[in-house]
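Derivation of every value follows stated rules applied to the coordinates shown; laboratory data play no part. This structure is a prediction, so every number in the text was calculated from the model and none was measured.
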Amino acid sequence: MSLLTGFLIPLGLSAAKGIRKFVGVIQNRRQLHELSHWDRHALKDIGLTPSDLVGAFSLPIHQDPSEHLAQMSGRSPRKSSEEDLRVSQPTATSQGTNRPAPLPSNRPALSA
């Protein structure tokens with residue numbers, strides 16, 4: 001019995017992970033379809049062109065189009081917006097090296 005559950009649990013987890021990934025790809029393809037209705041200027045605002053969308057539509061059904069679009073816009077698909085803020089706002093320290101800027105606090109500022 002232990003051998004059977006030792007085999008079935010990882011198999012079930014792997015299947016669930018594959019299903020979750022496929023559902024994510026389908027959701028991203030729906031969003032790609034929504035982007036196809038945007039005009040050229042709106043796409044330019046987010047760093048894309050209509051030909052980038054055509055390239056994403058031409059990917060096989062099992063590939064995530066958001067990774068392709070992130071490459072086309074020059075952004076990493078895995079990078080969070082918090083990392084973007086830290087990378088884009090370096091500050092100089094007393095040693096003269098660049099260090100990521102601290103993110104603003106959620107606490108209200110003290111007034112005098």
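Could you give me the ³J(HN,Hα) list for segment 34-49, computed from phi with Karplus coefficients 6.51, -1.76, 1.60 and θ = phi - 60°, whole Hz, x at Gly and Pro?
Here the 3J(HN,Hα) series is 5, 4, 5, 8, 6, 7, 4, 5, 5, 5, 4, 4, 9, x, 10, 10 Hz.
Could you give me the ³J(HN,Hα) list for segment 55-70, computed from phi with Karplus coefficients 6.51, -1.76, 1.60 and θ = phi - 60°, whole Hz, x at Gly and Pro?
Rounded to whole hertz, the list is x, 5, 5, 7, 5, x, 4, 7, 8, 7, x, 5, 5, 5, 5, 5.
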